[in-house]
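Colleague: One structure follows; several queries about it will come next.
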Amino acid sequence: MYHKLRPMEQINLSTKIVVCVYEELNEIEKKLIDVAKEACQRAYAIYSNFQVGSAILLENKEIISGNNQENAAFPSGICAERTTLLYANSRYPDEKPVMMAIAAHTNDSFTDQPITPCGACRQVILEAENRYKIPIRILLYGKNQVYIIESIKDLLPLSFGELQLNASV
C-alpha cells in the first residue's frame, strides 16, 4: 500500500535582534553590561585566554554576576552564563531573572562584536524562561555594537523542552 505523497512544506524562522551602541542603552542596561565586563576580569580562563562575564538582573533588583571557569580536564569547565544563572537560582530560587548581559575579553581587550551563548547555555537559559514563565532580555556586548534579544527563543527557535518530553510516541 502506497501513501499519496504531499508536497514538501517549508518553515521559515526569523530572529529579531536590535542592534545599538552602548551609549544608546538606558542606565540599568549599562550597569548590567558594566557588571558583566567586570566579571570577565575574574574569569579563570588560563587555557583559552577568552574571559567571559555575565550579569543577571533579578526581579527584586539584585544583580548577580559570574564568569567562565576552565579546567585542564576538558569539558569540566563551565560557561559564564550557566555559572551566573545557576548561582542566581541557588541563591534566590524564587526571584525571576529578567535581564542578562554577556561580555567577552581576550587579547587584552573586549571583543569588537558581541558573542552569543553556546548551545548548552541557550538550553539552560530556556529552562529558566520556562521555569519562571517570562522571557529573559539578553544584552550581548561588543565594543562596536550591542545586540538586544528579547528572549532566548530568538536564538533557539526549535528548542527542546517539556513539550517534547511529554510527547507521545
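Throughout, read-outs are computed from the coordinates displayed, never taken from laboratory work. Predicted model only: the values in this text are computed from it and were never measured. Note that each Cβ is placed from the backbone with ideal geometry, even for glycine, and that neighbours are counted across all protein chains shown.
Colleague: Let me know the charge dipole size of segment 18-155 about its Cα centre in debye, to the nearest 20, where only the beta-carbon of Lys, Arg (+1) and Asp, Glu (-1) is charged.
Modeller: Value, rounded to 20: 280 debye.
Colleague: Going toward the positive end of the dipole of segment 18-155, with +1 on Lys and Arg Cβ and -1 on Asp and Glu Cβ, which of GLY53, ALA73, ILE134 do you reach last?
Modeller: Towards the positive end, the residue furthest out is ALA73.
Colleague: Here is a follow-up. Run the numbers on segment 1-148 and let me know its relative contact order in percent, using alpha-carbon pairs under 8 Å that are six or more apart. Walk me through the intermediate numbers first.
Modeller: Values: 280 pairs, mean separation 36.0, N = 148.
Computed over segment 1-148, the figure is 24 percent.
Colleague: In what order do LEU58, LEU163, LEU5 fall by count of nearby beta-carbon atoms within 10 Å, going from fewest to most?
Modeller: Ranked by crowding around the Cβ, least crowded first: LEU5, LEU163, LEU58.
Colleague: Out of SER159, SER48, SER65, any idea which swings most in a Gaussian network model of the chain, alpha carbons joined below 10 Å?
Modeller: Fluctuation is largest for SER48.
Colleague: Select from segment 79-169 those trypsin sites (Lys or Arg not before Pro) which occupy a DSSP coil region and have at most 12 other Cβ atoms within 10 Å, ordered by residue number.
Modeller: When the trypsin sites (Lys or Arg not before Pro) of segment 79-169 are filtered for loop state and at most 12 Cβ neighbours within 10 Å, LYS133 remain.
Colleague: May I ask which residue of GLN10, PRO93, THR83 lies farthest towards the positive end of the charge dipole of segment 1-94, with charges of +1 (Lys, Arg) and -1 (Asp, Glu) on Cβ and the Cα centre as origin?
Modeller: It is GLN10.
Colleague: What full-extension length gain, to one decimal in nm, is calculated for SER159 and PHE74 as 0.36 nm per residue of separation minus the Cα-Cα distance?
Modeller: Details: separation 85, 0.36 × 85 = 30.60 nm, distance 2.57 nm.
My answer for the length gained is 28.0 nm.
Colleague: Still on this model: Simple spin-label model, 7 Å along Cα-to-Cβ: ASP34 to THR106 in nm?
Modeller: 2.7
Colleague: Quick one: divide the alpha-carbon radius of gyration of the chain by 2.2 N^0.38 Å and tell me what you get.
Modeller: Taking the Cα Rg and dividing by 2.2 N^0.38 Å, one obtains 1.17.
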